[in-house]
1. Taking every pair of distinct Cα atoms and averaging 1/r, then inverting, what Kirkwood hydrodynamic radius in Å comes out for the stretch 472-628?
2. Which ordering of Ser311, Ser726 is given by a fewest-first count of other beta-carbon atoms within 10 Å?
3. Over the stretch 719-791, calculate the relative contact order: mean separation of alpha carbon pairs under 8 Å at least 6 apart, over the residue count, as a percent.
4. For Leu396 and Leu134, calculate 0.36 nm times their separation in residues minus their Cα-Cα distance, and state this gained length in nm to one decimal.
5. Order of Arg735, Arg236 from fewest to most other C-beta atoms within 10 Å?
6. Fully extended, how many nm does the chain gain between Asp620 and Gln514 (0.36 nm per residue separation, minus their Cα-Cα distance)?
7. May I have the extent of the alpha carbons of the stretch 559-648 along their three principal axes, as whole Å values ordered from largest to smallest?
8. Restricting attention to the stretch 542-639, which GluC sites (Glu not before Pro) occupy a DSSP loop and are surrounded by at most 10 other Cβ atoms within 10 Å?
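Every read-out reported here was derived from the displayed coordinates using simple, explicitly stated rules and does not represent laboratory data. Bear in mind the structure is a predicted one, so any value in this text is a computation, not a measurement. Heads up, the Cβs are rebuilt from the backbone with ideal geometry, glycines too, and the neighbour counts pull from every protein chain shown.
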Amino acid sequence: MIQHNFKTLCKSALALATLLTFLTLPSAHSEEALGSTNTSQSLPAEESTPTSVLLKDRLEALKKSSASLSTRYDQVEHLWREVVDDNLKSHGLGENIFKMAETERQLRYRLLLQVGGLRAQLFQECLKSNCKPLLQISDELVADLIREVQILPYRAYALISTKIKDARDQINSGLKGWVELTRQLFGILTLIALPFIFFFFAQSLSRRLENFRSQILHRSQWSYSQRTSISLLILRLNPYLKWGLMYAFIEVAESIMDRSEIAELIFFVGLLKIYFLYRISLILLNSILTYLFQREGLESYSLKKEKINSSARRISLILFGEILSLYVVSEVLRKALMYTLISSGILYFNILFFLFEARRWKEEIWSLSDGALPESIMNFSHRYENGIFSLLLTPLLGILSSAVIVFEISLTWLSQFDFFKRIHSEIFKKRLEDVSKKSEKEFTKEIPEEYKSYFSLDDTFPTEALVKRKQEDAKKIVEHIYGWRDERIEEDGYVVTGAKGIGKSTTLREAFEQLDVEKKFLIRVPPKITSTKDFFSFLSKQLNAPLTSIEDLVQLHDTMESHHVLFFDNAQNFFLGTPEGFEAYKTLLECVNLPTTKLFWLFSFDRRSWDHLQGIFGKDHIFGKTLEIKSWNDVEIQNLIIQRHNLTGFELRFDRLISAFQSSQDQGGQVETQFFRLLWGQSRGNPRIALALWLSALTDLGRKRIFVGVPEFNRVKGLSDASDDSLFVYAAIVRHENISILELHNVTHLSEAIVKRALRYGEDYGILQVKDRRVQVRPLAQHSLNNYLLGKNFIYE
């Protein structure tokens, strides 16, 4: 799909370029257009005024002169002054330009450009050879600067005035002139419109690439490494795509215009190129600053992001203004006096600006340097951290730290080649050996149960330790129930779904505690209730009322004086994937779909179980709203663990080995931040998996101290060698979230021996675990197993 769209966009762009070429082909009058700005182009031979002829002849003579560089420069400088004064005084700009003959206007315009080009060439040669003091302050220097300032807008003014004069002449020449004017206007308007049209196509391609990136993250027939690599490549390049394509389009348009009758408009096209470069530099600077200065902490992300955006905009705008001013001056006046002075001024200004900007980022630069530079250098530097020398020391440390990081990134990239891979392997091995010698080898004790209890994977944890998420899912549920109670909302059903361990039970508990109604019931559904009889028996106990049928529930509803809200947690336990195993679930659907006004039904389903039920009964088989709990962000994962740890009273010590374990791109930040960022990435925002990874990294130091080492990163080996029967068993476990061995036998219709062999294989390779005689997927294997089964079409989304 994306390939087809890309081809379509390319064909459209080619068609637009062809149209532009046709519109800008030279007409019969193109030889009268303004000439090229090339200093080597000969002047026209048309009859001219004596002054212009004299100036032209002197220019030709100076081009052939063999005098010394200093003498030639003085002569050209004097000629340039006469040409400028002649344009500004003798004939002026204003209405006089409309009174000149066409050839006279061309001659004066081109003569000014050619004399200015020769002057700039000799100026630069003389400046390099130091043939004479060119920048010594004098009356002549000031007068020349004034001339350059006065003549600066001449090129744009001459172009516009010439076009106006041509338009007047064509209007006065009758029908033929009108046709020619219309053709030129259409060409110019098309030239203006084409960048906007192409920008639309570039934006469309960028959006489609982003959609493609989102799709491949869920295309599990691709390996995880392939999906991740392609997704990251698109994520990093896509922001530059539309501006890069626009720059390329302008380059093509410029080459086409250079061979047309509107070649003089290339000057304005150059301004567009500078703007597109500004947009690219803004994104690039933002990425660089983000990479460098968001490595120390996650909790201040939003504040740091605003500071980064502000600096990137400020730097990009300054660069844009500098390049723009140099471009305009070089195109009109060439690289002569004003260009040299502006270049020098920009150099000194940039040095001062760099010192100012480094002072704004002083804290972050020093923190970055502490992690990137050798300890001996930083110990010496910290002596002058707060003194006057810090004004120069801070930017110097920033440059050195950036150079070290660039070197490490380059080393990592080169490591894909065998020669550099061996070198990098030895360096990495030495780093691990050095750190391991200092690492606490005696830390082999299991962490105490007292500490583990604060990191339980169920939802029985105290409310005060729960993380307040930005999504506020519990608040959404409560507001919906209030809307139903107040008869503003009709739906009396609500489904909460999400991946196993994402926080569904916690969300239900929060909503239950926040809800202010007279009758509310938080019901945890035990495994497995599959018959109608068992369903009503279970519901009777929860509502403390005798129920054996739908009719009994209707009679109970008619006697209710207040609203009743039922929270069913783990509602996937109401079904089993056998022909008889859906009785309870079907009965539940009948109850939910009754025309009641006093009963509100709320359920939480495991994501894979809910997908399975939707595949059987349809996507809207429950009358109500569906809420999917999203993955947690890095700050929420970090807060979850830190909040629980703070309740334990234990002290943490992080192993320095974690720094060596990280890739070079992550070097430079604090060990704690690196660890939590690693934890969040490996868990993909799933708190249950993050807690399991956290516990796998801990050992007991005694005296209420916990040592944090490298977590257990389960790559789930063995899936590729598992038989189809084993994968069929694993798919049944995933669809039911939890299941017994007997239930597995009934669901899969496989022999007991095959089922047990599959379970033993899963336990041996860290895929499955047995808890309370029920088989579940291990938290650390959850993502890998789901993706593999999706890729093999054993389960569906």
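1. 15.7
2. On the way: Ser311 17, Ser726 22.
Lowest to highest Cβ neighbour count: Ser311, Ser726.
3. Values: 66 pairs, mean separation 24.8, N = 73.
Taking the mean separation of contacting Cα pairs over the length of the stretch 719-791, I get 34 percent.
4. Gain on extension, Leu396 to Leu134, equals 90.9 nm.
5. Ordered by Cβ neighbours within 10 Å, fewest first: Arg236, Arg735.
6. Details: separation 106, 0.36 × 106 = 38.16 nm, distance 2.76 nm.
Roughly 35.4 nm would be gained on extension.
7. Principal extents (Cα only, largest first): 47, 39, 22 Å.
8. Passing both the DSSP loop test and the Cβ count: Glu561, Glu580.
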